[in-house]
Structures are given as structure tokens and as C-alpha cells.
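Take a look at the structure set out below.
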Amino acid sequence: MEVLGIDVGGSGIKGALIHMETGEMLTDRFRIPTPESRKPEEMAEVVAQIIDHFNYKGPVGCGFPSVVKKGVCKSPGNLHKSWLNVSIEELFEKVSGNDFTVINDADAAGYAIMNYGIGRGLKGFIVMITIGTGLGSGAFLDGRLIPNFELGQIPYKKYDKIESWAAASAKEAEGLSWKKWGKRFNTFLEYVELIVNPDMIILGGGTSKYFPEYEQYIKIETEVIPAGLQNHAGIIGAATGCLVNHPELYLG
């Protein structure tokens with residue numbers, strides 16, 4: 001069975017058809033830039049355009065960059081403040097006509113890694129960190145998701161949230177070298193280690209593929225490894241999130 005996975009990000013909204021048994025991408029990724037307003041209606045229209053691109057009629061799994069409870073945005077994160085308390089699932093269903101399952105984007109990436117990637121079969125407490133516009137985090141205990149771990153929201157010095165200082169967007173905006181940014185990211189990981197003390201940290205998002213560039217600046221005791229699925233994990237995991245409401249889609 002194939003399911004459309006959509007990964008909503010601060011800079012781009014991406015989708016592809018995913019095979020539910022293998023996690024394989026059955027199509028090329030299709031991407032549209034996130035509207036500059038980052039407002040609900042404009043972003044919903046982009047989501048509908050992605051669905052139309054694939055001429056897709058079935059249920060859609062969607063990863064979304066905020067705290068998501070029962071399909072509702074509980075913190076707008078890096079999006080427009082008008083997202084607060086909006087039912088993402090209802091909005092996207094209204095605009096597209098498709099049934100939606102919406103989960104946190106880092107949780108989605110974690111689903112992909114834990115079901116189809118390097119995390120498959122791992123036991124213990126695993127934290128997935130996605131490095132992008134923000135710092136997303138997904139937590140898994142013996143392979144089971146603990147939803148809405150938002151470690152990137154930890155306040156740090158003058159910053160309301162540490163991701164404003166240590167995410168990939170900060171590296172790009174300030175023109176930081178891998179060394180300077182790597183030390184910032186290590187500071188963030190020190191907080192993760194102190195607060196939740198995981199058995200392993202897996203890095204996802206586009207910046208994970210550059211891991212050799214900043215690996216030497218990571219000094220924490222917890223083992224840190226790149227995910228390997230890189231930027232496609234969000235799409236694959238978003239489709240996997242559909243299994244929450246549609247377990248009949250899984251054929252394995």
C-alpha cells in the first residue's frame with residue numbers, strides 16, 4: 001500500500017509517495033517553498049497543490065513543525081502566531097478533501113528512523129534530533145514514541161529558545177563556520193544529555209549529512225550518530241504516522 005507523506009518545514013513543504021511495508025520512496029520528492037507569511041490558509045493551499053501534483057486520493061500523513069496534540073497546533077514555533085490552536089488536520093482536510101493524520105515533524109522523522117532506518121530494533125531511550133530551521137526532537141522508549149518532546153524550545157541566555165541560537169538557520173544567518181556552529185550545537189546536546197539522559201542521540205534533517213564536518217566538536221558522553229535517511233526521513237515518517245489512524249495500511 002502506498003501513502004502520501006508530506007513534510008511541512010519552515011522553508012519548504014515536501015511530499016512523496018511511500019511504500020508502507022518497506023518505507024521506500026516510490027516517487028521523487030516534490031517541493032514547494034513555504035509561503036513567506038507562514039500563515040495557515042496560505043500553507044494549506046501549498047499542501048493541496050502537493051496532493052494535486054500526485055493526483056492522490058487516499059489518506060495523507062503529515063509532519064508539522066510544532067507541538068501537535070490530536071491534530072491541533074499547540075505552539076506555532078517558527079510559523080505565524082495565528083497557527084496557535086488551529087486544527088491542522090481539519091484545515092488541511094477542508095482545503096484538500098483528503099483524510100489527514102498530522103504529527104510533530106521530529107516525531108515523524110523519528111518514526112522513519114525507528115521503523116526503516118538505523119534505529120530499527122534498538123532498545124532503550126533514543127532521542128532523535130532534526131537540525132533545520134529549528135531543532136526538532138523525537139523520543140522513543142524501546143521503539144515506542146513519546147510524543148512532543150520539544151527540546152529545541154529550552155530557553156538559553158538572551159534567547160527565548162535555544163534553537164534560535166543553535167539550529168542550522170542560525171549557522172546560515174550568521175555565516176558561522178562548522179567549528180563555531182558545532183560548538184553551539186554541542187552546548188544544546190549538553191542540555192539534552194543533562195535533562196533527559198538518553199541512551200543514544202540520532203541526528204536527522206539536512207544538516208545530518210554533513211556530520212563529519214562537526215563531529216569533532218561534539219563532546220558529550222552519549223553516543224551521537226547521523227540518521228542516514230537524511231532529508232527524506234520527514235516524508236517517510238509522515239506517511240508512517242498515518243498508521244496511527246489507519247493500521248490497515250500496513251501490510252508487513
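The values are calculated or read from the model by the stated rules, or taken from the named source; none is laboratory data. Since the model is a prediction, treat every value here as computed from it, not as a measurement. So basically every Cβ, Gly included, is an ideal-geometry build from the backbone, and we count neighbours across all protein chains shown. Side chains included, ligands, DNA and RNA excluded: accessible areas come from the protein's heavy atoms. Shrake-Rupley method; radii C 1.70, N 1.55, O 1.52, S 1.80 Å.
General observations
- Test: Gly143 is without any contact (Cβ under 8 Å) to a residue 60 or more places away in the chain and of a type in the set (Gly, Ala, Ser): yes
- Restricting attention to the stretch 223-244 and to residues that are crowded, with 16+ Cβ neighbours inside 10 Å and farther than 16 Å from Ile131 by Cβ, the residue that is modelled with the lowest pLDDT turns out to be Leu243.
- Test: residue in the stretch 13-36 that is open to solvent by less than 70 Å² (accessible area, probe 1.4 Å), touching a helix residue (DSSP H, G or I) at 6+ places or on another chain (Cβ under 7 Å) and aromatic (Phe, Trp, Tyr): yes
- Total residues in the stretch 129-162, condition at pLDDT 95 or above and acidic (Asp, Glu): 0
- Only strands (runs of 3 or more DSSP E) whose full extent lies in the stretch 56-119 are considered here, and the ones with at least 1 residues that are buried (at least 20 other Cβ atoms within 10 Å of the Cβ) and small (Gly, Ala, Ser) are 60-64.
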